[in-house]
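Working notes for the structure below.
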Amino acid sequence: MKQKLSVPVALLALLMTVMVLAQYEVIDLYIQTIILFVGINIIISSSLNLVNGHMGEFSCGHAGFIAVGAYVSSVLSVALFTQDRVFGAPLLPPQYAFIGFPLVLLAGGIAAAFAGLLVALPSFKTRGDYLAIITIAANYIIITLIINIDKIGGARGFMGMKRVIFAMEDVAEIPWMILWVFLFTILSIIAIRRFVSSTYGKGIIAIQQDEVAAEIMSVNTNKMKLIAFMLSSGLAGIAGGLYAHVIGYVNPKSFDILKSTEALVMVYLGGMGSITGSILSAVLFTLLLELLRPLQIIKWVAIPLLLIILMQFRPEGIMGNRELSDIFPRLKKFYRFK
Amino acid sequence: MESLVQNILNALQWGSFYSLIALGYTLVYGVLLLINFAHGDIVMVGAYIAFFVSSLLLGHYHAIPIALSGGVALALTIPLTMILTSVVGVSLERIAYRPLRRKGAHRLYVVITALMCGLILENGNLALLGASRKKFPEMVDKVIYTFGTVSVTNLKIAVILTAFLVFFLLQFIVTKTKIGMAMRAISYDKFAVPLMGIPIDSVIVFTFILGSSMAGLAGVLFALSYPILDPYMGLTIGWKAFIAAVVGGIGDIRGAFAGGFILGFVEIMVVAFFPSTYRDLFSFSILLFILTLRPTGLFGVPKTTKI
Amino acid sequence: MTVLKITKLTQYFSGLRALADFNIQLEEGELVGLIGPNGAGKTTVFNLVSGFYQPTEGVISFLGQPITGLKPHQVTAHGIARTFQNIRLWNEMTVLDNIMLAQHSSLDYGIRDLFFRTGRYQRREREIRDLAMELLEIFKLREVAEEKPKNLSYGLQRKVEIARALSSKPKLLLLDEPAAGLPSRDVVELIDLIRWIHREFKIAIWMIEHQMKVVMSLCSRITVIDFGVVIAEGTPEEIQHHPDVIKAYLGDDQL
């Protein structure tokens, strides 16, 4: 019972605290945004970890899928719930935005999952560094595709998502995005955890360790790759949708290879195949980015330098392939990650 | 017809840059199985080094007694840039990659380190030199040869010739010299190479010298052709050259060379017929398509798994 | 009943013939051997049967159904399991997970069950676990269930691999040089183990083996191939005295 309840209760308490603090403006908008970014980055890093860590592929185009999710959900929510210059009158009454929003996010995730096919299908025939290139190419293809669709702003970017948030706030004046980011972060983690801790999902870990043995010992490796890539890119898409609505503006440039690099850094900083590692590194990385903001451009010298030094000391990432509960067995009382 | 010839010439030049850079990727990859993601930025560093060296030689800083003439300055700039750039490349290997390898880190951690090194080079440059772009000095008078409506500059011819020259030189080094054979041997069997009497580290350093000096050369030629330098200039061209190397079959010199030209042709031809915003979309889709047909690149040999 | 029937199996690798016109028929409950000098094409036969290679020519049928052209995991789902010449366990997983995972094709729950941890999911996971534990028990591997295979001795790893193969409930077990790399004391134990598996699980076993002692004492029937061609077939006694076999193994000048 203790194991079953302690984590949900703690998470609920955390959510309530943050929401109340935000509601009464004890924490300002800046800090709220950082908290939101932490959540989004947790989804990004743990979803990429599914492919790069658990399955052992080297996908470097995660930002492409984030972009698909961001754009699809933004366009949907703007078209459905707001008066827009391009898309005209809202298709649904704006007061339903708070119900429709999670569905819109899911739609973005599903679209991103299908974009994941761009990478998943070639992965049947090729792996390793060749697949890495395909992922980079996929990232570029998605970005340039967006740039060439004028209706959604092309290279100028797309905005109007703030109005969706306002529509939600018209119904109830609460920090909606904190709620959504929190909810979807938790759901993503649960989904990933349940996947890799099931015998079915462990098929991808078998692929990482010996693909030939996996295929011969009854794992349908192609199907598993398809599922892992689609799950990973789908979750990235949800993260993208959240990101777009937190910022209120998206631009194809913000999903280029640099964004993918950030995702990679979080995965390898945390440790390949460690969910808690990915969470931890997402938190650390997001905070680091914000703490070093005053350094301006030097920040982008300092952070890589810091990471290089860190990797010299821990060449397997913070957690290696272990989970927090492996290092502190007492935690197993409260939750199990494997 | 004329515009086709013109486009082919442009594609050859554009492809030459990709090829020179792709060769550097492929050399390092062939030896270490390391995707040296900092390579594109080393090209940028090469261009900047060339900028400072040539400015110095042309007497812009009043640091040398006489200002050299453009031709002499260029003749000195090229080897100096290649040497200095390879110092940068080898330093990265010594400071960042080698210690990680020694610790037995997962291969991908070295790749991430390379990515980080690239970021440091770009942003370090921006922090040091500021955001203003540098104008590369013009060292050789531009000569334009016209054949009917097709025109070609002396620079364009030089770039294309250099790329071919470098390719044949590398091909010779890798297949005919002892150290070149050692380079090829390492990727097959790391432990057998020292038995041949060649220390692994020397081979690796030699590889980085070769690769980075090619990057330096590419930097000079690029700066001569497109004389505006900025710290992020190596980023996109680097990624694309890497893709070109893979399409050719990474680790294979002929593959990198061919891949670079294929990418160059595709890009120039797309722009000739479509709006330029479609360039990346088309070129990457085509590359993706090639890789789907030949999963290990044009020259890559599929690895057979033994069980 | 015929378990495995191979007719006219031929395999070329980029123009090179690795196997020519190979025929065999395995009956229920048989224990048959496949021997031959290094590079004779023995493992190629196994790779073809398990679907890892697609044959250039020929038909493989299993329990009366053609399985040629199926993917390896489909072949396994039909009831053929195998081990590898060089042990191929998933080294970073626990031994228990290794055994459980080999039941991947018969999990019988969907993605939805997995995400919602439905009753079906929990029941099936429990059953899979129980079966794996049972196997570990009878293979006396219970103590190492939570160990990683890479930390086990070579002999134990072999045992885990055989247990993993059996966990998919095969009707035919292919053993690729099970005695390779084992010290002679362990070889005796291995012979007993295989005999015991054969009796206890009532399955057909087809094995490749270099060590004559193993094949001769276990197999009722042996096929000998050399350069991809069958050179002899028969009982261990017949094989031992077959002139072509002696020639293939020892070379011409010995005669």
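The values are calculated or read from the model by the stated rules, or taken from the named source; none is laboratory data. All of these numbers come straight from a predicted model, not from anything done at the bench. Don't worry about glycine lacking a Cβ; one is built from the backbone with ideal geometry, like all the others, and counts go over all protein chains shown. Note: accessible area is taken over every heavy atom of the protein model, side chains too, but ligands, DNA and RNA are not part of it. Shrake-Rupley method; radii C 1.70, N 1.55, O 1.52, S 1.80 Å.
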Q. Accessible surface of C:Trp90 in the full protein assembly, 1.4 angstrom probe, to the nearest 10 Å²?
A. 0
Q. For chain C, what mean projected area does the convex hull of the alpha carbons give, in nm²?
A. 15.2
(Q) Which order do you get for C:Asp226, A:Asp170 if you rank them by accessible area with a 1.4 Å probe, largest at the top? (A) A:Asp170, C:Asp226
(Q) Probe radius 1.4 Å, ligands and nucleic acids ignored: give me the carbon and sulfur share of the accessible area of the protein assembly as shown as a rounded percent. (A) 64
Q | Accessible-area value, C:Glu189, 1.4 Å probe, nucleic acids and ligands omitted, Å² | A | 100
Q | 3J(HN,Hα) from dihedral phi, the range A:91-107, Karplus parametrisation 6.51/-1.76/1.60, rounded to Hz, x for glycine, proline | A | 7, 10, x, x, 5, 8, 3, 5, 7, x, 4, x, 5, 4, 4, 4, 4
Q: Once you've got the GNM for chain B with C-alpha springs shorter than 10 Å, pick whichever of B:Gly30, B:Gly260, B:Gly197 has the biggest mean-square fluctuation.
A: B:Gly197
**Q.** Protein heavy-atom accessible area occluded, A/C pair - total, 1.4 Å probe, Å²
**A.** 2700
Q) Which whole-Hz ³J(HN,Hα) couplings does the range C:188-196 yield from phi under the Karplus relation 6.51 cos²θ - 1.76 cosθ + 1.60, θ = phi - 60°, glycine and proline marked x? A) 4, 4, 5, 4, 4, 4, 5, 4, 5
Q.
Using the alpha carbons of the range A:1-62, what is the convex hull volume per residue in cubic angstrom, as a whole number?
A. 89
Q. What 222 nm value per residue comes from the helices of chain C, counting each DSSP H run with n ≥ 4 as -39,500 (n - 2.57) and dividing by all residues, nearest 500 deg cm²/dmol?
A. -11500 deg cm²/dmol
**Q.** Helix-only [θ]222 nm of chain A, DSSP H runs n ≥ 4, -39500 (n - 2.57) each, per residue, nearest 500
**A.** -22500 deg cm²/dmol
Q) B:Lys135: which aspartates and glutamates have alpha carbons under 12 Å from its alpha carbon, excluding same-chain residues fewer than 8 sequence positions away? A) B:Asp230
Q) With the Cα gyration tensor of the range C:39-159 giving a ≥ b ≥ c as the square roots of its eigenvalues, does the rule (a/c under 1.5 for rounded; else a/b larger than b/c for prolate; else oblate) give rounded, prolate or oblate? A) oblate
Q: In nm, give the distance between the simple-model label positions of B:Arg184 and C:Asp21, each being 7 Å from the Cα along the Cα-to-Cβ direction.
A: 4.0
**Q.** Förster radius 25 Å - calculated FRET efficiency between B:Ile157 and B:Thr177, Cβ distance, rounded to 0.05
**A.** 0.30
Q: Hand me the GluC sites (Glu not before Pro) from the range A:165-265 located in a DSSP loop with no more than 12 other Cβ atoms within 10 Å, in residue order please.
A: A:Glu173
Q) Among the residues of the range A:185-228, which ones have their accessible area go down by 50 Å² or more when all the protein chains sit together, as opposed to their chain alone (1.4 Å probe)? A) A:Arg194, A:Thr199, A:Tyr200, A:Lys202, A:Gln209, A:Asp210, A:Val212, A:Glu215, A:Ile216, A:Met217, A:Ser218
Q: Pop the C-beta distance of B:Ala63 and A:Leu29 into the FRET formula with R0 = 51 Å and round what comes out to the nearest 0.05.
A: 0.45
Q) Going through the range B:179-276, which trypsin sites (Lys or Arg not before Pro) have at most 15 other Cβ atoms within 10 Å and a DSSP loop state? A) B:Lys190
Q. Hey, rough spin-label estimate for C:Gln74 and A:Ala302, points 7 angstrom out along Cα→Cβ, what's it come to in nanometres?
A. 5.8
Q. Using θ = phi - 60° and the Karplus form 6.51 cos²θ - 1.76 cosθ + 1.60, what ³J(HN,Hα) does each residue of the range B:108-113 get, whole Hz, x for Gly and Pro?
A. 5, 5, 5, 4, 5, 4
Q. What is the mean projected area of the alpha carbon convex hull for the range C:101-196, to one decimal in square nanometres?
A. 7.2
**Q.** Rounded to the nearest 20 debye, dipole of the protein assembly as shown from Cβ charges on Lys, Arg, Asp, Glu
**A.** 980
Q.
Given the range B:14-231, report the % of alpha carbon pairs whose separation exceeds 24 Å.
A. 47
Q.
With a 10 Å cut-off between alpha carbons and a GNM built on chain C, which of C:Leu16, C:Leu136, C:Leu96 moves the most?
A. C:Leu16
Q: Find the Cα radius of gyration of the range A:2-333, compare it with 2.2 N^0.38 Å by division, and give the number to two decimals.
A: 0.99
Q) Kirkwood hydrodynamic radius for the range A:236-310: how many Å is it when counted over pairs of different Cα atoms? A) 13.5
Q. What is the distance, in nm, between label points placed 7 Å from the Cα along the Cα-to-Cβ direction at B:Tyr232 and at A:Arg330?
A. 4.9
**Q.** Unsatisfied cross-links (Cα-Cα over 26 Å) in the set A:Lys253/A:Lys299; C:Lys202/C:Lys247; C:Lys169/C:Lys213; B:Lys103/C:Lys159
**A.** C:Lys202/C:Lys247; C:Lys169/C:Lys213; B:Lys103/C:Lys159
Q. When the helix-only estimate is applied to chain B (DSSP H runs of n ≥ 4, each -39,500 (n - 2.57), divided by the residue count), what is the mean residue ellipticity at 222 nm, nearest 500 deg cm²/dmol?
A. -24000 deg cm²/dmol
**Q.** Surface accessible to a 1.4 Å probe, A:Asp210 within the full protein complex, Å²
**A.** 20
(Q) Suppose every Lys and Arg Cβ carries +1 and every Asp and Glu Cβ carries -1, with no other charges. What dipole size does the range A:2-333 come out with about its Cα centre, to the nearest 20 debye? (A) 460
(Q) Please compute one quarter of the surface area of the Cα convex hull for the protein assembly as shown and express it in square nanometres. (A) 44.7
Q: Name the residue, out of B:Thr296, B:Thr236, B:Thr146, whose mean-square fluctuation peaks in a Gaussian network model built on chain B with Cα pairs under 10 Å.
A: B:Thr146
Q) What do you reckon, how do B:Tyr145, A:Tyr24, C:Tyr109 stack up by accessible area (1.4 Å probe), largest on top? A) A:Tyr24, B:Tyr145, C:Tyr109
(Q) Given a 1.4 Å probe and heavy atoms of the protein chains only, how would you sort B:Thr85, B:Thr175, largest accessible area at the top? (A) B:Thr175, B:Thr85
Q: Quick one: which residues, 5 or more positions from C:Leu19 or on another chain, have an amide H under 5 Å from its amide H? H modelled 1.01 Å from N in the peptide plane, none for Pro or chain starts.
A: C:Gln11
Q: On a 0 to 90° scale, report how tilted helix C:119-138 is relative to the longest principal axis of chain C, with both axes built from alpha carbons and the result rounded to the nearest 10.
A: 50
Q) Going by the alpha-carbon gyration tensor, a ≥ b ≥ c the square roots of its eigenvalues, is the range C:196-249 rounded (a/c under 1.5) or, if a/c is not under 1.5, prolate (a/b greater than b/c) versus oblate? A) prolate
Q) Long-range amide H contacts for C:Leu4: which residues qualify at under 5 Å (H placed 1.01 Å from N, peptide plane, sequence gap of 5 or more or a different chain)? A) C:Leu26, C:Leu63
